[in-house]
1. With a 1.4 Å probe and every protein chain left in place, work out the accessible area per residue of the range 1-62 in Å², rounded to a whole number.
2. For the chain, what proportion of DSSP beta bridges, expressed in % and rounded to the nearest 5, is antiparallel?
3. Which residue, chosen from Thr141, Leu191, Gln155, occupies the Cα position most advanced towards the positive end of the dipole of the range 134-245, where the dipole is computed from +1 (Lys, Arg) and -1 (Asp, Glu) charges on Cβ about the Cα centre?
4. Output the 0 to 90 degree angle, nearest 10, between the alpha-carbon long axis of helix 150-165 and the longest principal axis computed from the alpha carbons of the chain.
5. Once you place label points 7 Å from the Cα toward the Cβ at Thr126 and Ser142, how far apart are they in nm?
6. Could you give the accessible area per residue of the range 105-221, probe 1.4 Å, as a whole number in Å²?
7. In nm, to one decimal, how far is the modelled label at Val67 from the one at Arg219, with both set 7 Å along Cα→Cβ?
8. Within the range 31-133, what whole-number % of the accessible surface is contributed by carbon and sulfur, with the 1.4 Å probe and all protein chains included in the calculation?
Amino acid sequence: MPHPSPLERVRIVLCGTTHPGNIGASARALKTMGLASLYLVSPKHFPAADADAMASGAADLLRTAAVCGSIDEALDGTVFAVACTARSRDLSHVVLTPRETGVRLIWEAARGPVALVFGPEQSGLTGREVGRCAAIGMIPTSPDYSSLNLAAAVQVFAYEVRQAAEGVVSYPQDAYDAANYGDVEFFFRHLEQTLYDIGFLDPMQPKRLMQRLRRLFQRARLEKEEVNILRGILSAAQRPIKRNS
């Protein structure tokens, strides 16, 4: 069975969108670039007439949009996600331009579904939401006025994704078996609990170390078998603790 085309594997995830018109305009931006996978995380108003009006011919994407209760649900099954943000972050991920983002997403799409994640219009993505992504995508705007409409930002990234996908019809069958979002998140939870069990992490301290460990393993682009090996190591480390408890 042939693999799906690259564009079919790209999700656009809008988190906490406050104005339904921006959802509709974003859907239109996707459709013009041949993208169709729209995920909405806790939108303030949806469905809504304003969304339909701004979609202008792309209302079918609104009908098929997946409405999720959390970013974890929206990213479930993905193998790579980019947080689109205009703000610099402490413990920042690798920062990519829109062009670099498009190329990286199409490359990662050989291994499974990928995602571009956008935050609410006023506040942008939270630190936790950014932490669920492997990289940051940032549009280089004028330092004098950097405010960009949500749908306009979606259009910029969607264009670069399409440009990167030009000429790629399908992917070979030998792409490695990448660990998906759920596999990696279970590993992170297991790792954190084990580090508490062995006394390496202090539950009273901020989780900066776990943020750094997330970054380390996100850079590694883990395979499913590698996640299984790492979790086996963690389970072995926990056994003496459980026997003595």
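The values are calculated or read from the model by the stated rules, or taken from the named source; none is laboratory data. Remember, it's a predicted structure, so these values are computed and weren't measured experimentally. Note: ideal-geometry Cβ built from the backbone for every residue, glycine included; neighbour counts use all protein chains shown. The area values use the complete protein model at the heavy-atom level, side chains included, leaving out ligands, DNA and RNA. Shrake-Rupley method; radii C 1.70, N 1.55, O 1.52, S 1.80 Å.
1. Working: 2600 Å² over 62 residues.
Counting only protein heavy atoms, the per-residue value for the range 1-62 is 42 Å².
2. Values: 2 of 25 bridges.
If I count the DSSP bridges inside the chain, around 10 percent turn out antiparallel.
3. Of the listed residues, the answer is Leu191.
4. 80 degrees
5. 3.4 nm
6. Ligands and nucleic acids excluded, the figure is 53 Å² per residue.
7. So the two model labels end up 4.1 nm from each other.
8. Numbers: 2460 of 4530 Å².
The computed percentage sits at 54.
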